[in-house]
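Everything below concerns the one structure shown next.
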Amino acid sequence: MEGAEAEERRLAASLTARYSDWVVEALDELPGSFILTDPAMPGHPIVYASRGLASLTGYPPREVLGRNARLFQGADTDRAAVAGVREAVRGQRPHQVSILNYRRDGEAHWVLLHLAPVFHASDGRVLHFLAVQVPIAPPASRRRTPPCRAARPPVVFAACREEARVEEECPCASHAGEVFVDVDKRGQDAEEPRVASEHEKEKALSTANSIFSALNRYSKLTGLVVCGKRCDSVGIPALSSSLNLSLGRIKQSFVLTDPHLPDMPIIYASDAFLSLTGYSREEILGCNCRFLNGPGTSVEVLEQINQHICSEQACTVHLLNYRKGGSSFRDLLHISPIRNASGKVAFHVWVHLDEGAKYDFNGLTPEVWQLGAVGAVRVAVRSLSASGSLLRPSQ
């Protein structure tokens, strides 16, 4: 009995030590079937199982905690699908695949498995793996997906160009390769694989985004910041000293993101933005802007932002965001594409304004004040891009 209790505490500490004691309650409130695994622990065990997992698989959370995620596999689970998941875990990269899993009663069922690493924002370590399971409906029971839904990328603030979605190979954690291991000669006689619909893919990504928002929100209480992309400046293009100097003269709170890189990372942050949010520049360069989101952040507004980014249009929204210390603020956020001298979008500028703070706008409205920052960024980028001076020569 003492051994079992010690094991429960060890598994619980994998979450509470990193995200605070309240993270489990927050995750319990989220819909969907998902688990979190810890690659640093022997056997790469499941350390959290959602309530929705029991509805989908028949396994109550207590039966899966401490076990490897391979327990969902069975006789006809495809070896190639398992190998793809295993390689994604070893490479510490996101992965999505249709796979034949098994419920607790032995019944086979098709799911869309969405796998994503949870990174420590400051040093890039993988803390956990998130695995979301979405049931794939039989082809005959599906409804047609409206073209407008199928056409737009479902990930909020994702890079819109498919060619920009590259995968990185990283050193694996000591026990990372033990998850989803194909221990039998499975999949030899598997049935025809089901293909997930766009709606099912969108549902998986939406669930994952909600989970990352919760983890990010509660990780801040322990002084830690997590994200779904390795948040460091490795691979992030370095802006030229001339552009850095020009941007440094702009007093408003803003960041620049690169829409041509995977997950559209931040490549520049103003001093005013760092003062507003409490983060250091090293903590956020290379991160997607979603790290500011948390409980109460409107999913509808985030989707609106995504639509405008992908259509290369400017937008102004009101959004609830969070500082590093955990306090929230009402963010008047203006986002605009920044084009180079040839007319192509080079960056997006995100101008943030705390609506609860007092500012001296010199007689201007807050919206016009924000547009002043956009104009200054636009002039700097266009003038320097004409001479090829946006990035450092070594880049």
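The values are calculated or read from the model by the stated rules, or taken from the named source; none is laboratory data. What you see is a predicted model, and the numbers here were worked out from it, not measured in a lab. Here the Cβ is made from the backbone with ideal geometry for all residues, glycine too, and neighbour counts use every protein chain on show. In case anyone asks, the SASA skips ligands and DNA or RNA and just uses the protein heavy atoms, side chains included. Shrake-Rupley method; radii C 1.70, N 1.55, O 1.52, S 1.80 Å.
Observations
- Test result for residue 334, under 21 Å from residue 371 (Cα atoms), in a helix (DSSP H, G or I) and either open to solvent by 60 Å² or more (accessible area, probe 1.4 Å) or not aliphatic (A, V, I, L, M) (or both): no
- Residue within segment 88-103 that is aromatic (Phe, Trp, Tyr) and not in a helix (DSSP H, G or I) present: yes
- Verdict on residue 262 being modelled with pLDDT of 80 or more and open to solvent by 20 Å² or more (accessible area, probe 1.4 Å): no
- Counted residues, segment 25-45 - those being under 20 Å from the mean Cα position of the chain (by Cα) and either among the aromatic types (Phe, Trp, Tyr) or within 13 Å of residue 65 (Cα to Cα) (or both): 5
- Applying the set (1) under 21 Å from residue 26 (Cα atoms); (2) over 22 Å from the mean Cα position of the chain (by Cα) to residue 78 leaves exactly one unmet item: (1).
One line per residue, one yes/no per condition, for (1) surrounded by fewer than 19 Cβ atoms within 10 Å (Cβ to Cβ); (2) of a type in the set (A, V, I, L, M); (3) touching a helix residue (DSSP H, G or I) at 6+ places or on another chain (Cβ under 7 Å); (4) modelled with pLDDT of 90 or more:
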residue: 283; (1), (2), (3), (4): no, no, no, no
residue: 294; (1), (2), (3), (4): no, no, yes, no
residue: 308; (1), (2), (3), (4): yes, no, no, yes
residue: 320; (1), (2), (3), (4): yes, yes, no, yes
residue: 324; (1), (2), (3), (4): yes, no, yes, no
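- Scanning segment 280-301 for residues that are within 20 Å of residue 125 (Cβ to Cβ) and under 18 Å from the mean Cα position of the chain (by Cα) yields 283, 284, 285, 286, 287, 288, 290, 291.
- Within segment 36-57, the set of residues being assigned to a loop (DSSP other than H, G, I, E, B) and more than 11 Å from residue 24 (Cβ to Cβ) comprises 38, 39, 40, 41, 42, 43, 44, 45.
- Each residue in segment 269-289 was checked for being under 18 Å from residue 335 (Cβ atoms) and either in contact (Cβ under 8 Å) with a residue 40 or more places away in the chain or assigned to a loop (DSSP other than H, G, I, E, B) (or both), and 8 of them qualify.
- Among the numbered conditions (1) modelled with pLDDT of 85 or more; (2) under 27 Å from residue 320 (Cβ atoms); (3) open to solvent by 30 Å² or more (accessible area, probe 1.4 Å), the only one that residue 257 does not meet is (3).
Every residue, every condition in (1) open to solvent by 30 Å² or more (accessible area, probe 1.4 Å); (2) modelled with pLDDT of 95 or more; (3) assigned by the TED database to the domain that holds residue 87, yes or no:
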residue	(1), (2), (3)
3	yes, no, yes
16	yes, no, yes
26	no, no, yes
36	no, yes, yes
39	no, no, yes
42	yes, no, yes
62	yes, no, yes
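- Answer residue from segment 240-254, given it is crowded, with 20+ Cβ neighbours inside 10 Å and in contact with a Leu (Cβ under 7 Å, 6 or more places away or on another chain) and is farthest from residue 287 (Cα to Cα) among those: 243
- For segment 356-382, the set of residues classified as assigned to a loop (DSSP other than H, G, I, E, B) and surrounded by 13 or more Cβ atoms within 10 Å (Cβ to Cβ) consists of 361, 364, listed by residue number.
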